[in-house]
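J.: Structure in structure tokens, see below.
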Amino acid sequence: IAAAHGRDMAKRMYDLGHEAVDAVEDLVGEFGIDSAGFARVGLVKAAHTERALVAVAAEAEWMKAEMGDGHISLLSRDEVRAELGSDGFVGGALTRGPGCIHPLNYARGLAAGLSARGIRIHEDSPALAIRRERGAVVVETPRGRVRAAQAIIATNAYSDLTGATREMRRTLVPFRSAVLATAPLPPDLAASLLPPGDSYAYVNPD
């Protein structure tokens, strides 16, 4: 981002990322969503090769120098082992300040909190079209129309389920990620993995 749009824009995006975590934390507290398990934890970016470690270290130093990130530190092989419970990495970096959350419970908690405040939620009712009409916004659905003073499109970056958001697809870029799940682990094995409770990212510069 800094290379393409300048350091100021990169810093703004960096700050937005941290503000987003703060906003989620505030909502969890406001709606009492204990089941979301939100926790401020560290993020370990682990490198499996020396080449990957060079990339991790360079990024960490850039974040310190350009973004003023005082929460990032480099980890040795032994320190990564202590963080992850794995011998498969040569080193890495640890950033303090991110958060972990159970996303489905978070979404359910938001829905329950909004419903309790009298806000109606209509499931299985896709917006087929959105248009302005006589000073209002009209949303077409399969079984009727909704007329409102304003509409908030909150589809994240995945705005291709219907034609209503066709015009937005070229203006949003989804940041994709993958989540792997296992069967419940034996307690002794579970306790040996990520013992400090931090989250983890794998770096492969190849």
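J.: If you check Ile152, Ile130, which single one turns out to be over 25 Å from Gly99 (Cα atoms), within 21 Å of the chain's Cα centre (by Cα) and of a type in the set (A, V, I, L, M)?
T.: Just a single option satisfies the conditions, and that option is Ile152.
J.: May I ask you to list the residues in region 68-103 that are touching a residue at least 60 places away in the same chain (Cβ under 8 Å), touching a strand residue (DSSP E or B) at 6+ places or on another chain (Cβ under 7 Å) and among the hydrophobic types (A, V, I, L, M, F, W, C)?
T.: Answer for region 68-103, where residues must be touching a residue at least 60 places away in the same chain (Cβ under 8 Å), touching a strand residue (DSSP E or B) at 6+ places or on another chain (Cβ under 7 Å) and among the hydrophobic types (A, V, I, L, M, F, W, C): Leu84, Leu94, Cys100.
J.: Only one of (1) touching a Cys at 6+ places or on another chain (Cβ under 8 Å); (2) surrounded by 14 or more Cβ atoms within 10 Å (Cβ to Cβ); (3) of a type in the set (Gly, Ala, Ser) fails for Gly37. Which number is that?
T.: Among (1) touching a Cys at 6+ places or on another chain (Cβ under 8 Å); (2) surrounded by 14 or more Cβ atoms within 10 Å (Cβ to Cβ); (3) of a type in the set (Gly, Ala, Ser), the lone unmet condition for Gly37 is (2).
J.: Let me ask you something else. Name every residue in region 86-104 that is surrounded by fewer than 16 Cβ atoms within 10 Å (Cβ to Cβ) and not in a strand (DSSP E or B), in order of residue number.
T.: Ser86, Asp87, Gly88, His102, Pro103, Leu104
J.: Going through region 170-192 one residue at a time, which ones are under 20 Å from Cys100 (Cα atoms), open to solvent by 100 Å² or more (accessible area, probe 1.4 Å), at pLDDT 85 or above and not β-branched (Val, Ile, Thr)?
T.: Within region 170-192, just Pro184 meets the criteria.
J.: Which of the following residues is out of contact with any strand residue (DSSP E or B) (no Cβ under 8 Å at 6 or more places or on another chain) and closer than 30 Å to Asn105 by Cα: Ala2, Ala23, Ala65?
T.: Ala23
J.: Kindly establish whether Leu161 is open to solvent by 90 Å² or more (accessible area, probe 1.4 Å) and in contact (Cβ under 8 Å) with a residue 24 or more places away in the chain.
T.: In short, yes.
J.: I'd like the full set of residues that are within 25 Å of Leu104 (Cα to Cα) and open to solvent by less than 40 Å² (accessible area, probe 1.4 Å), limited to region 40-55.
T.: Residues satisfying the conditions are Val41, Gly42, Val44.
J.: I've got another one for you. Of (1) assigned to a helix (DSSP H, G or I); (2) open to solvent by 60 Å² or more (accessible area, probe 1.4 Å); (3) farther than 27 Å from Leu189 by Cβ, Ala82 satisfies all except one. Which?
T.: That leaves (3) as the condition not met.
J.: So, Pro195, is that one closer than 30 Å to Lys64 by Cβ and surrounded by 10 or more Cβ atoms within 10 Å (Cβ to Cβ) or not?
T.: For Pro195, the condition - closer than 30 Å to Lys64 by Cβ and surrounded by 10 or more Cβ atoms within 10 Å (Cβ to Cβ) - is met.
The values are calculated or read from the model by the stated rules, or taken from the named source; none is laboratory data. Please read these numbers as outputs of a predicted model, since none were measured by experiment. Virtual Cβ from ideal backbone geometry, glycine too; neighbours counted across all protein chains shown. With ligands, DNA and RNA removed, areas are computed over all heavy atoms of the protein, side chains included. Shrake-Rupley method; radii C 1.70, N 1.55, O 1.52, S 1.80 Å.
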